[in-house]
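Only one structure is covered here, and it is reproduced in the block below.
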Amino acid sequence: MSVIRINRSVLQHLLGCRYSSTVIRHEEEYTATPNYPPILDISYKKTRERKTDALYEEIKAVKTVEEKQIKLNMPRYYGYKSYLLYEDKCDYNNLALTQHVTRTHLITNETLPEFYSGINVDEVTNKLKAKIEEAVSIEIDGYQRLHDIRNEDITEAQIEDIISNSFCKQINRIIVNELYTNYSHLKEAQIDWNPRIESSWFVGGMNIPDYIRKSREGSEWRKQFLDDPFDRLMFYIGSPNLALRSKLPLKPIIPHSDSENPDLKVPEFKFDPRVVGITSEQKHIANIPGFWPGDPHKFSLLSFHKRGHIHRNEKYNDPQDNKEAIHRQGILASFGWLQAQANYLGFNTFNDLTYPLVTQTIVTSGKIWSFYAYQLNTIRFCERFYTENPKRNICWALPEMKLFETVENGKVVGFNDEVVKNILKFYMNPPENRLGVNLTPYLSSEEKLSADYKDDEKRQWIEEVYKYVASNRPRHRLSYEVYDWEKIYKIDNKTRFMDKRLRPFELFQNPYRRKLNERFIRYIPRKFREHLKRYQGRFEKDFWP
């Protein structure tokens, strides 16, 4: 048996080191006052709130615009159940719902807000009056438009929209050509013709749907949350006649802090949106303000919208409802455009704005004009924050105004200068830089867009996935469906108990809970693998945020 001998001095040195390190470690852990870990409420509601807060922080920490939009869609492979809000489809009694889902306080006055009083337009109005009268005479009366209205089934609403679209372009051409030398923001502005505007956001404060209530009633521990609010995803779809964008934002009409004024009332709409004709569909979250990320002109100036949809409501024969329908369109068009722009700046429905955004909206048929100034102060009013968030969005609206009475023998009768003055005030309102304000606080300082990544493979992958999600094209395989005979014989009346259980509802599975990244990895054929690194293998890499 061999004996290992250790030098006594070495042993003492080792023991001394161990003892001294222990003493140092205990001294570092000691504090004059006790520091206890936080006591967390482990109830279901509070635990869920902590999880959602962690998710919101994850979304906030994502670097680029495209990745944030992908991250918002991660929980749903087939998209969310979305309530579709079309700009040109307004059913009866929709104004209260629109104000609720956009959290907008509506102010109706005879004149524009005091903010515009410092803009002098009298001299320019006198210069442009003759040119605008000529445009009215040609577009309204002199142009036959045989190539536009040759279809025998064309409706009066469609004819009015065609005239509105053409007339807005002429008005824009006349005014920009006159003012661009003295107003640099018009010279540099980007003009979009019939752009695609889509916007998505979550809204709380409504009664829960019946199917959610039934699911809660079926579980003992969820009965106590039976009447808790439920988020709904709103999906706005619109396309203005034309829109002007700039590199800098418009000045706020009122200070951001004034949006917390309790006097700014917003009507509450507790019912399901389907009761006023809103339809629903499975869609991915998409926020597209008429351009793709990376365009330097990312702030709104002005947009023109058509109003032919009013003719579809003539069956109600209700002038008051027609006024409300135009107000609804002005609010929804303004909010939808600004909310999509806010997402391109790094904000989203869970991470609120840090400064206000402003836009100007005109709804016109060519003859009748409605003017709206809109200030977006908040976009976070989902279930968690609907009652907590005191901020309100504000819309200033003018009553309908006629540009002219009629056109007789090529001459305009009853021309209204006030309409031209209001249009000019919108054009002559210059944007300016927000001094001391970080316009993109939630985007990375180095990579704000996917184009900023140096890795070609990652950049291309993010761009492809983002645009596919934003397109909302249907999947190559149809989504899951419960057939009518299954609903009757297997769910409502359990008469097929001998059948083998193969369907998701029989296995207590919810296929709509499938996440966006739960998909097969794309295979790369051998002939395309030569330039790839050996360790990558036969499958494409994923770059999920």
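The values are calculated or read from the model by the stated rules, or taken from the named source; none is laboratory data. Because the structure is a prediction, the values reported are computed rather than measured. As a convention, Cβ positions derive from the backbone with ideal geometry for all residues, glycine included, and neighbour counts pool all protein chains shown.
Listing for the model above:
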| read-out | value |
| --- | --- |
| Candidates 85, 97 - the one that is in contact with a strand residue (DSSP E or B) (Cβ under 7 Å, 6 or more places away or on another chain) and surrounded by 22 or more Cβ atoms within 10 Å (Cβ to Cβ) | 85 |
| Search result, residues across the stretch 266-287 that are more than 30 Å from residue 475 (Cβ to Cβ) and in contact with a strand residue (DSSP E or B) (Cβ under 6 Å, 6 or more places away or on another chain) | 266 |
| Residue match in the stretch 132-141 (condition: over 20 Å from residue 421 (Cβ atoms), at pLDDT below 80 and not in a helix (DSSP H, G or I)) | no |
| Count of residues meeting criterion [among the charged types (D, E, K, R), in contact (Cβ under 8 Å) with a residue 60 or more places away in the chain and over 22 Å from residue 197 (Cα atoms)] in the stretch 455-472 | 2 |
| Members of the stretch 457-500 that are part of a helix (DSSP H, G or I) and touching a His at 6+ places or on another chain (Cβ under 8 Å) | 469, 470 |
| Selection count where residues are surrounded by fewer than 16 Cβ atoms within 10 Å (Cβ to Cβ), of a type outside the set (A, V, I, L, M) and not in a loop (DSSP other than H, G, I, E, B), scope the stretch 100-124 | 6 |
| Near pairs, Cβ below 9 angstrom, 6+ apart or cross-chain, from the stretch 487-499 (surrounded by 10 or more Cβ atoms within 10 Å (Cβ to Cβ)) to any residue that is among the polar types (S, T, N, Q) | 488/495; 489/495 |
| Residue ID - nearest to residue 166 (Cα to Cα), chosen from residues in the stretch 294-330 that are assigned to a loop (DSSP other than H, G, I, E, B) and of a type outside the set (S, T, N, Q) | 306 |
| Neighbours by Cβ (under 6 Å, 6+ apart or cross-chain): first from the stretch 157-175, closer than 15 Å to residue 303 by Cβ; second aromatic (Phe, Trp, Tyr) and crowded, with 20+ Cβ neighbours inside 10 Å | 168/304; 175/427 |
| The stretch 243-281: number of residues that are surrounded by 15 or more Cβ atoms within 10 Å (Cβ to Cβ) and more than 16 Å from residue 332 (Cα to Cα) | 16 |
| Meets criteria (outside any helix (DSSP H, G or I), at pLDDT 90 or above, among the aliphatic types (A, V, I, L, M) and in contact with a helix residue (DSSP H, G or I) (Cβ under 8 Å, 6 or more places away or on another chain)) for residue 84 | no |
| Flag for residue 126 being out of contact with any Ser or Thr (no Cβ under 7 Å at 6 or more places or on another chain), closer than 21 Å to residue 368 by Cβ and of a type outside the set (A, V, I, L, M, F, W, C) | no |
| Top-ranked residue of the stretch 334-372 - restricted to ones that are of a type in the set (Ser, Thr, Tyr) and part of a strand (DSSP E or B), ranked as surrounded by the fewest Cβ atoms within 10 Å (Cβ to Cβ) | 370 |
| Wholly enclosed strands (runs of 3 or more DSSP E) of the stretch 160-262 bearing at least 2 residues under 29 Å from residue 97 (Cβ atoms), modelled with pLDDT of 90 or more and of a type in the set (A, V, I, L, M, F, W, C) | 197-203, 232-238, 242-246 |
| Residue in the stretch 65-81 that is modelled with pLDDT under 95, assigned to a strand (DSSP E or B) and surrounded by fewer than 21 Cβ atoms within 10 Å (Cβ to Cβ) present | yes |
| Members of the stretch 380-406 that are among the hydrophobic types (A, V, I, L, M, F, W, C) and either more than 25 Å from residue 176 (Cα to Cα) or part of a loop (DSSP other than H, G, I, E, B) (or both) | 381, 382, 385, 394, 395, 398, 403, 404 |
| Any hit, the stretch 52-63, residues being at pLDDT 90 or above, part of a loop (DSSP other than H, G, I, E, B) and not acidic (Asp, Glu) | yes |
| Lone qualifier among 349, 364, 359 - being among the hydroxyl-bearing types (Ser, Thr, Tyr) and over 24 Å from residue 84 (Cβ atoms) | 364 |
| Selection count where residues are surrounded by 14 or more Cβ atoms within 10 Å (Cβ to Cβ), closer than 29 Å to residue 463 by Cα and of a type in the set (S, T, N, Q), scope the stretch 409-452 | 3 |
| Scope the stretch 37-63; condition loosely packed, with under 11 Cβ neighbours inside 10 Å and of a type in the set (A, V, I, L, M); matching residues | 39, 40, 42, 54 |
| Any chance residue 442 is in a helix (DSSP H, G or I) and either modelled with pLDDT of 90 or more or β-branched (Val, Ile, Thr) (or both) | no |
| Tally of residues being basic (Lys, Arg) and touching a Leu at 6+ places or on another chain (Cβ under 8 Å) across the stretch 417-433 | 1 |
| Every residue from the stretch 87-116 that is among the hydroxyl-bearing types (Ser, Thr, Tyr) and at pLDDT below 90 | 92, 111 |
| Any hit, the stretch 270-278, residues being within 17 Å of residue 86 (Cβ to Cβ), under 19 Å from the mean Cα position of the chain (by Cα) and touching a residue at least 24 places away in the same chain (Cβ under 8 Å) | yes |
